[in-house]
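Just so you know, all these numbers are worked out from the coordinates, no wet-lab data involved. Given the structure is predicted, the values throughout are model-derived calculations rather than measurements. Because the Cβ atoms are built from the backbone with ideal geometry, glycine has one as well, and the counts that use them run over all protein chains shown.
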Amino acid sequence: MEGSQREDSWDAMLAAVQAFHDKHDFRNTGGEELIYRVALMAEELGEISSCVTKGKSKDLLSEEVADLLILLMGTGIAAEFDLKAAFWKKMDRLMARESRMVNGRIRVSEFRDME
Ligand SMILES: [Mg+2]
């Protein structure tokens, strides 16, 4: 099945990531250790950076962003927090924030240190 035709559901995606963790028993093999996961996420962010700075294809960029998303979702599993709830809590806060142009680019922030 094409990825874009699959069920559009966070819960289905999270269950797939949980199944991936279970398949390799990440919980008992170091795969859920947070320091290791931070290193893996940094690695994937570097791969995303390389796609952008080296002008690689959108296909490759989307694959690397998916790698990072899977790691982020798995980090919620590893650290035992509800990432969907955290997402919506933060999204609501972001939507309430102001934006400013900073050095030619828009920035959405609370601007606490800039007054
Ligand atoms: Mg990758």
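Tabulated values for the structure
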{"read-out": "Gain in span if fully extended, Asp82 to Val38, counting 0.36 nm per residue against the direct Cα distance", "value": "14.0 nm"}
{"read-out": "Loop-resident sites, the range 36-115, for trypsin sites (Lys or Arg not before Pro), counting at most 12 other Cβ within 10 Å (DSSP)", "value": "Lys54, Arg97, Arg112"}
{"read-out": "Spatial separation of Cα centroids for the range 36-59 and the range 93-107, in angstrom", "value": "25 Å"}
{"read-out": "Computed [θ] at 222 nm, deg cm²/dmol, the chain (DSSP H ≥ 4; -39,500 (n - 2.57); rounded to nearest 500)", "value": "-20500 deg cm²/dmol"}
{"read-out": "Dipole in debye (nearest 20) - the chain, about Cα centre, beta carbon charges: Lys, Arg +1; Asp, Glu -1", "value": "540 debye"}
{"read-out": "Coil-residue chymotrypsin sites (Phe, Trp or Tyr not before Pro) of the range 42-94, DSSP, other Cβ within 10 Å capped at 12", "value": "Phe81"}
{"read-out": "Alpha-carbon Debye profile of the chain, log10 I(q)/I(0) at 0.17 Å⁻¹", "value": "-1.10"}
{"read-out": "Mean separation of Cα contacts under 8 Å (6+ apart) over length of the chain, as relative contact order %", "value": "21 percent"}
{"read-out": "Calculated FRET value between Thr53 and Arg6, using beta carbons and R₀ = 30 Å, to 0.05", "value": "0.45"}
